[in-house]
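Take a look at the structure below.
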Amino acid sequence: MKTPFDTALRLQQREIDRVGMAIGAETGKLVAIEKAREDAIQSAIAEVHAAAIDPMMSSFAYVSRMRSLRERLEHDRVASAARLDSLRDEAMEVFGSKRAMETAAESFRAAEERAAATAEQAMVDDLSTAALLRARRLAAQERGR
């Protein structure tokens, strides 16, 4: 049964889909940042070990660059995690709105079904009353003959 809430429910579902895709994309970015951060750490460790073997090799510039890269990646990770938290909050709000609309649609359907059942019962009552009155009239006519 169609309800006045069907269009709004479809829009809410689209919004849920949009937020879900945004959460997926942001999660992918966060995973990529974490991997890049781990790769930078491993690369810096390998470079420090290589520099330790060769005393003539200076790794200061490389280690400084890796440190700044790790700091930038950490900043990006924090920003991405904040966006992800925001998207999750938005998802909860959208799910809550959709659930409220679903409840309203269910209430509307139940009210419509009750109204239809009441109308049907009234029609049956009217038919029964008419049949009873007809039967009484016929019985009265037969007694009067």
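Nothing in this text is a laboratory measurement; each read-out follows from the coordinates by a stated rule. If you're wondering where the values come from, they're calculated on a predicted model, not measured in any experiment. Virtual Cβ from ideal backbone geometry, glycine too; neighbours counted across all protein chains shown.
Summary of computed values
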| item | result |
| --- | --- |
| Subset of the range 7-28 (residues that are of a type outside the set (Val, Ile, Thr) and in contact (Cβ under 8 Å) with a residue 24 or more places away in the chain) | 8, 9, 12, 13, 15, 20, 22, 26 |
| Candidates 66, 21, 1, 56 - the one that is more than 30 Å from residue 108 (Cα to Cα) and assigned to a loop (DSSP other than H, G, I, E, B) | 56 |
| Filter result for residue 117 (out of contact with any Pro (no Cβ under 8 Å at 6 or more places or on another chain), farther than 30 Å from residue 12 by Cβ and not basic (Lys, Arg)) | no |
| Extreme residue, farthest from residue 89 (Cα to Cα), among residues of the range 22-78 that are within 41 Å of the chain's Cα centre (by Cα) and basic (Lys, Arg) | 67 |
| Filter result (free of Cβ contacts under 8 Å to residues at least 12 places away in the same chain, among the charged types (D, E, K, R) and over 18 Å from residue 22 (Cα atoms)) within the range 78-110 | 99, 106 |
